[in-house]
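Here is the structure we will look at, set down as structure tokens.
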Amino acid sequence: MALMKILVAFIILWPLAGFLLNGLGRNYWSKKVIAYKATGYIVASFIASIFAFLYVQDHGAVTVHYFDFIHTASLTIPFDFKVDALSSLFLLVITGVGSLIHLYSKAYMQEESSPHYARYFAYLNLFIFSMLLLVLGDNYIIMFMGWEGVGLCSYLLIGYWFSNGSYNYAAKKAFIMNRIGDLGFLLAIFWLIAKLGTVSYNEVLTAESLAKLSNADITGITLLLFVGAMGKSAQIPLFTWLPDAMAGPTPVSALIHAATMVTAGIYMITRSNILFSHSEITQNIVAIIGISTALLAATIAIKQNDIKKVLAYSTVSQLGYMFLGLGVGAYSGAVFHVITHAFFKALLFLGAGSVIHALHHEQDIRKMGGLKSKLPITHITFLIGCIAIAGVPPFSGFFSKDEILAAAFEKNKIYWVLGLVGAAMTAFYMFRLYATTFLGKFRGSNEQEAHLHESPLAMTLPLIILAILSAVGGAIGIPEIMGGHHWLASQLSTIVSTPHEASLTVSTEWILMGVSVAIVATSLLIALSKYSKQTDEEPSSAIGKFFYHKWYIDELYQKAIIEPLNEFSLFLKEFIEKKVIDGAVNGTGKLVQFSARKVRLIQNGQAGYYILFMVVGIITLFLIWFNDIYILRFIHTLTQK
Amino acid sequence: MLILFLLIPILTAIVLLFIKKNTLASPTAITASLATLALAVFASFNKVEAFDMAWLPSLNSRFTLEADGLAKILILLTSISLPAIFIATAKNQYKQKNIFLSLLLFTQAGLMGVFLAGDALLFYFFWELALIPVYFLCSIWGGEKRIVITFKFFIYTFLGSLFMLIGILFLNAHTAEHSFSMQAFIHANLTDGQKITAFALFFIAFAIKMPIFPLHTWQPDTYEQSPTAVTMVMSAVMVKMGLYGILRWLLPLFPAAFAAHTHVVVFLSVVGILYASFIAIRQDDIKRLIAYSSIAHIGLMNAAIFTTTGIGIQGALIQLFSHGINVLGLWIIADILEQQTGTRSMQQMGGLAKKQPTLAILLVGFALANIAMPLTNAFVGEFLMFNGLFILNPWIAAFAGISVVLAAIYTLNMVQKVAYGEISEKINNMPAPNKAAQTVLIILLIIVFVTGVYPQPLFTLTADTLQQLLAK
């Protein structure tokens, strides 16, 4: 226990120390020192996480207590952390992928001047710190601290190049949309406190607590928690911030907007799965929102030409799959997909970063092409990422996606069919992206072509490691019909209340897999053959334009929400405040002034009013002091009537 | 020792009237205010004897000073604010600065008296003592429209004071021995109808001071037109007089009338919170933006107190302190910007992060506190207060919760306009950073985060008050 107390403190405080040191010393250290320090702290945190993970494997879940955050007569919220099967897995992913991305950033951000370089790494460290709070907290308040903390870091990093107005706008949009979700989360917490008087997991997530909650309570609480998840994990209707978040540096997109932060919603629901499993309504809503988001984002991804935008919509879509999994009760399947997605999506973003780096900030895939031979490592690793996300066996994405789809099939066949449609689109847009970027002829300028170069080792090494993980990561969850033990599901069996039991027959399961592989393969080959020679023109069909313009959802929000609210604010400010309220006040004031003039107490200027005041004051005091009997008698007579 | 909280500022204020040299006036004020701070820190962690002395024997009014947790936390806030303000604005040029500082110290004495007074007449006396210097400060050192605005401010608060005075005399008439002491007031012999009348008289005074919608329009104008040092005192400390009055007098004296008006007042406050937040979104003047933001925050505190839930009141008790620290930070930044750029229009700012990165970081820090990010002090208070609202009525909490989003909108708008973007001409012409003011800001920001991570000392400090209030 004492050991874990120290270990957990190290895991959390190292990134915080990195933030403080780099943030405060940004003007003093060289870039090398800054990068090694920042990366070193995360690697140290990763190593400590491995120990914590192993400890939990041997000894089971551990809760460590430091001090009480809030301790009042009616409410106690301890500063406690919990290391169990779920949080220790997330720890490894966060610090592991985090370390790789820090290393990658060292080279990627090299053009920045050293104070800004330090600022970048400080934010990144602060992000890891917040994310660790989020997953390690032993109650919803600590989770909420991390929850808002990662939102802040996301805001700071999206707006990292702060001179650019549109980047700031994107950053603000991300923060505000997340705040809408956070409000839901907060209300859920209040609800829990009102009913149970506690927010600690081991007190809330028990059968006794469930017995105290009515069905309406559970549905209300879970729906509000899900609103929080919608914001953080970019689900309909709060998803439009995530594509805009690509304004941040590419490694940030990989770490925050793909591998870790956006999966916080999945973590939160998995953590609270007991509650969610008790509300059919919420589960259905989660599943429907999940699959709808998966499909909506996939249709948009097909038409985008910005390499990062395609990946961003792909992330939204994959998150939708995870929510589908949660909605149909496949919690461990959703967590499985979180992990594999962290590998291949981080890989794809970093690969995209490598391409962008080589092309001096070109992001339009129509101006790429033929990079296969120029960037061999980037090419092969990116290809592995595409195969993994498309769901081709035996790459990691296949297993995790298949698990979700199988569970969806059991729950409702429509989910499964729609899931397959989404999978087909995923394979299509990923290989459209791959083919347009790496195959065919180079379509950029001659100057760009002359400068084409593979990225340095600090960038390619993370690519290689992530590529290996993307390829073999599925091994942690090989289903039993393939002779595996599904290590992950047994890991999580203590946390997931109703472990998803396969009731499908073996033959059905094989058929489902076969169908999905066939569909994915077909769609993948179509994309490859179509885009290895040509690129997309501006879409001409109505539906193409509709997808290309992202279903006009941003425009809709602008017209339906933002502008009316702005107008309303202006109306309050210019009319209600100035004319109505202040008008009444000033009217009264003028009346006083007018009558004051009438009685000629004051002849000119404002000084008069002070004299008036002083006179009134002095008379009052005088009356009280020397003639209190009179005043009191007066009041007595008044009150006795 | 409590009398020292009055004597130090008053004596210094008198001395200052005779120190004409500017180079000497500022250090004198700073030293005196730091001495008070040391005293306040000591008082916060120790038991303090009440001070009692005959005052107006013919009226049965006694000069009683007492300090419980509520008084102590506000004394501490006042004592932190004054030196912070003096140091941060030490470079500002004011004509006859010694008189300016002297008046501020008189105000400080008045505030201390308000928070310590155990006798209603004494309370009223200090209430006025705190306000009168402010009228002069605004009308002499204020901006262009100072006369009109001060007049409005004066009429408003004067009316409020008048109501309160009538209320005090009214209660006094109904006590057994015509006393002004707290205990006598509690046991005053009133019918239910009279209690409601007395409740209303006090409430109006406090509501104007806070202010509560729709009695608020004096505040943005006054904050905008006053010299920022005065705005700081008003916004960080003086608005707390109203909330203090409610906790100290209104709630213990009229618990039944209080409970009967819970829903009306909470509703009005919540409307005010959203109203002020919406207006803040469209402000371009940084001082007006902070003013409206502060109206929203104070409204939340008032609503939380009126929920009469333990958790809501606890939140408000510590937010009294936290809000003061946070808004003080914002005002100091606004003052630096106004002094160094010559404008308050945020449209003409931009790029501060390039020109003065430290100040921009501090701005972001206080902006986070303003939107109650977790691990800042404001989160603890707001979390508890919203919790209290939720217990009263979940829908009201949800409705008021919209302000959490609105606060993010207007605060981040401010950060974006001031700190980010390309360097504007006004920002580019800023002189070297004001190191003294920045040091003050750094200390305040440390308080923000320390009490945000470990708020327990604030809970401990206010535990006795909370217990007393809930016992009734």
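For this structure, a couple of remarks:
- In order along the stretch A:209-215, the Karplus-derived 3J(HN,Hα) couplings, from 6.51 cos²θ - 1.76 cosθ + 1.60 at θ = phi - 60°, round to 5, 4, 5, 7, 9, 6, 4 Hz, and Gly and Pro are given as x.
- The stretch B:1-95 - percent relative contact order, Cα under 8 Å, separation 6 or more: 32
- Cα-based radius of gyration for the stretch A:203-312, normalised by 2.2 N^0.38 Å, reads 1.24.
- Column: log10 I(q)/I(0), Debye, Cα scatterers of the stretch A:384-505, q = 0.13 Å⁻¹: -0.70
- In whole angstrom, the stretch A:240-305 maps to an equivalent ellipsoid with semi-axes of 27, 17, 7, each derived as √(5λ) from the alpha carbon gyration tensor and ordered largest first.
- Across chain B, the longest run free of exposed loop sites, meaning GluC sites (Glu not before Pro) lying outside DSSP classes H, G, I, E and B with no more than 11 other Cβ atoms within 10 Å, spans B:178-472.
- Normalised per residue, the volume of the convex hull around the Cα set of chain A (Å³): 247
- Förster-model FRET efficiency, 60 Å R0, residue B:58 and residue A:578, C-beta, rounded to 0.05: 0.80
- Cα-based radius of gyration of the stretch A:9-99 once divided by 2.2 N^0.38 Å, which approximates compact folds: 1.32
- Distant-in-sequence amide contacts of residue A:69, defined by a placed amide H-H separation under 5 Å and a gap of 5 or more residues or a different chain, comprise A:77, A:79.
- From phi via Karplus (6.51, -1.76, 1.60), per-residue ³J(HN,Hα) for the stretch B:280-289 in Hz, x at Gly/Pro: 4, 4, 9, 8, 9, 7, 5, 5, 5, 4
- Debye log10 I(q)/I(0) at q = 0.12 Å⁻¹ for the stretch A:293-344, Cα point scatterers: -0.27
- Near the amide H of residue A:163, within less than 5 Å, lie the amide hydrogens of B:421, all on another chain or at least 5 residues away, with H placed in the peptide plane.
- Note, ³J(HN,Hα) from phi for the stretch B:415-422, Karplus 6.51, -1.76, 1.60, rounded to Hz, x at Gly and Pro: 4, 4, 5, 7, 8, 9, x, 6
- For the stretch B:84-203, the equivalent ellipsoid derived from the Cα gyration tensor has semi-axes of 35, 17, 9 Å, listed largest first.
- Acute angle (nearest 10 degrees) that the helix B:456-471 long axis makes with the longest principal axis of chain B, alpha-carbon atoms: 30
- Legend: calculated FRET efficiency, residue A:481 to residue A:566, from the Cβ-Cβ distance at R0 = 56 Å, rounded to 0.05, equals 0.50.
- Relative contact order (%) - chain B, alpha-carbon pairs under 8 angstrom, separation at least six: 15
- Only alpha carbons enter this Debye calculation for the stretch A:336-415, each as an equal point scatterer, and the log10 of I(q)/I(0) it gives at q = 0.18 Å⁻¹ is -0.77.
- Pairwise FRET efficiency - residue A:2 versus residue B:144, Cβ, R0 = 45 Å, nearest 0.05: 0.10
- Take each peptide in A:386-393, A:164-171, count the other Cβ atoms within 10 Å of every residue, and average; sorted highest first, the result is A:386-393, A:164-171.
- Binned Cα-Cα distance frequencies in chain B - 20 Å width, integer %: 26, 60, 14, 0
- Stretch gain in nm, segment residue A:66-residue A:517, where the contour uses 0.36 nm per residue and the Cα spacing is subtracted: 157.4 nm
- Taken residue by residue and averaged, Cβ atoms of other chains lying within 10 Å of the Cβ of A:510-517 number 0.
- Once Rg and the Kirkwood radius are both taken over the C-alpha atoms of the stretch B:343-472, their ratio Rg/Rh works out to 1.09.
- Between residue A:417 and residue A:161, the distance separating the two model label sites (each 7 Å from Cα on the Cα→Cβ line) works out to 4.6 nm.
- Three principal axis lengths of the stretch B:291-390 [C-alpha, angstrom, descending]: 47, 23, 19
- Under 13 Å from the residue B:358 label point (7 Å along Cα→beta-carbon), backbone N, the stretch B:436-472: B:436-443
- Quarter of Cα convex hull surface for the stretch B:161-232, i.e. mean projection, nm²: 6.1
- Under 5 Å, built H, 5+ apart or other chain: amide partners of residue B:55: B:63
- The P(r) of the protein assembly as shown has a tail past 57 Å containing 20 percent of all C-alpha pairs.
- Orientation-averaged projected area, Cα convex hull of the stretch A:482-560 (nm²): 10.9
Throughout, read-outs are computed from the coordinates displayed, never taken from laboratory work. These numbers were taken from a predicted model, which means no experiment stands behind them. Backbone-built Cβ (ideal geometry, glycine too); neighbour counts: all protein chains shown.
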